[in-house]
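Peer 1: Sharing a structure with you now.
Here, each number is a calculation from the coordinates, and none is a lab measurement. In this text the structure is predicted, and so the values were computed from the model without any measurement. Glycine also receives a Cβ, built like all others from the backbone with ideal geometry; neighbour counts cover every protein chain displayed.
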Amino acid sequence: RVSAGRIVASSVEQSYIMIKPDGVQRGLVGEIISRFENKGFLLKGLKLFQCPKDLAQEHYKDLKDKPFFPKLIEYITSGPVVCMAWEGDGVVASARKLIGATNPLQAEPGTIRGDLAVQTGRNVVHGSDSPDNGKREVTLWFKEGELCQWESVQTPWLIE
Ligand code: UDP
Ligand code: MG
C-alpha cells in the first residue's frame, strides 16, 4: 500500500512459513520457496537462522504438554531453518493447503508434505494455523527492520 508517496504499514494477512532443519539438510529450500513464490503471495521476510531452544519452545508453546514436545524442540533446533513471512489475502489457509496434512503419509500429492516427506516428525515445513497466529509468529521470529515493505511488479497481474 502506497499513500502520498510513502509506504505505510499494511494490515494484510501474513503467514509465518518455516522450512524445518530436514528441509534445509535435504536441499529442498528452493523447491519449497518456489511453491509460495509461484502461487503469487508476497514475500515480506526471509532468513536462514539457527533457532535457539527458548524460541522453539515459545513458538510451539501450545504443544508443551504433548509427549512429542521434547523431540520436537530437539528437531527444530537441530540445524538451520529458513524463516519466511508471506503476505496476501487468505495466505494463512492457502499456505496450509499448499503444505498439506501434518502426517506426510496422509498429505495429498501435490502438497509440499505430500510430495516431499514421509513422517510427521520430519515434515519439512511449518505454516501458521490462523491469521492471529500468523501475526504472532511473524513478530516472534522477525525483528524490527527484518521485514521489507515493497510492491511486486507482478501485483497488478495477480490482483485485479
Ligand atoms: N508433531 C510430531 N508428532 C505428532 C504431532 C506433531 O512430531 O504426533 C510435530 C510435527 O513436526 C508438526 C509439529 O509437531 O508439524 C506441530 O504440530 P501441529 O499439530 O501444530 O501440526 P502442523 O500445524 O505443523 O501441521
Ligand atoms: Mg501447527
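Peer 1: Evaluate the following for Ser130: is it within 16 Å of Glu13 (Cβ to Cβ), away from ligand 2 (no atom under 13 Å from the Cβ) and among the polar types (S, T, N, Q)?
Peer 2: No: the conditions fail for Ser130.
Peer 1: Among the residues of region 130-139, which ones are within 15 Å of ligand 1 (Cβ to nearest atom) and over 10 Å from the mean Cα position of the chain (by Cα)?
Peer 2: Step one: of region 130-139, the residues within 15 Å of ligand 1 (Cβ to nearest atom) are 130-134, 136-137.
Those that are within 15 Å of ligand 1 (Cβ to nearest atom) and over 10 Å from the mean Cα position of the chain (by Cα): Ser130, Pro131, Asp132, Asn133, Arg136.
Peer 1: Within region 133-160, restricting attention to residues that are farther than 18 Å from Leu63 by Cα, among the polar types (S, T, N, Q) and part of a helix (DSSP H, G or I), which residue is farthest from ligand 2 (Cβ to nearest atom)?
Peer 2: The residue in question is Thr155.
Peer 1: Out of (1) more than 15 Å from Met18 (Cα to Cα); (2) within 10 Å of ligand 1 (Cβ to nearest atom); (3) surrounded by fewer than 20 Cβ atoms within 10 Å (Cβ to Cβ), what's the single condition that is false for Pro104?
Peer 2: Pro104 satisfies all of (1) more than 15 Å from Met18 (Cα to Cα); (2) within 10 Å of ligand 1 (Cβ to nearest atom); (3) surrounded by fewer than 20 Cβ atoms within 10 Å (Cβ to Cβ) except (3).
Peer 1: Scan region 22-38 for residues that are closer than 11 Å to Ile112 by Cβ and more than 13 Å from the chain's Cα centre (by Cα) and jot them down. Steps first, answer last, please.
Peer 2: First, pick out the residues of region 22-38 that are closer than 11 Å to Ile112 by Cβ: 23, 28, 31-36.
Within region 22-38, Leu28, Glu31 qualify.
Peer 1: Tell me the residue from Ala85, Ala56 that is free of Cβ contacts under 8 Å to residues at least 24 places away in the same chain and hydrophobic (A, V, I, L, M, F, W, C), please.
Peer 2: On the way: Ala85 fails: free of Cβ contacts under 8 Å to residues at least 24 places away in the same chain.
Going through Ala85, Ala56 in turn, the sole match is Ala56.
Peer 1: Related question: Given (1) under 16 Å from the mean Cα position of the chain (by Cα); (2) surrounded by 13 or more Cβ atoms within 10 Å (Cβ to Cβ); (3) not in a strand (DSSP E or B), where does Leu46 come up short, assuming only one miss?
Peer 2: The number of the failed condition is (3).
Peer 1: Quick check: anything in region 73-80 assigned to a loop (DSSP other than H, G, I, E, B), crowded, with 20+ Cβ neighbours inside 10 Å and in contact (Cβ under 8 Å) with a residue 24 or more places away in the chain? Lay out the reasoning, then the answer.
Peer 2: Applying the first criterion (assigned to a loop (DSSP other than H, G, I, E, B)) to region 73-80 yields 77-80.
Pick out the ones that are also crowded, with 20+ Cβ neighbours inside 10 Å and you get none.
The answer is no; no qualifying residue exists.
Peer 1: Pull up region 110-123, narrow it to residues that are in a loop (DSSP other than H, G, I, E, B) and more than 9 Å from ligand 1 (Cβ to nearest atom), then point me to the one that is farthest from Leu72 (Cα to Cα). If you could, list the steps in order and put the result at the bottom.
Peer 2: Initially, region 110-123 is screened for residues in a loop (DSSP other than H, G, I, E, B), giving 110, 117-118, 120-121, 123.
Applying the additional criterion that residues be more than 9 Å from ligand 1 (Cβ to nearest atom) yields 110, 117-118.
On the way: Gly110: 25, Ala117: 16, Val118: 16 Å.
The extreme case among them is Gly110.
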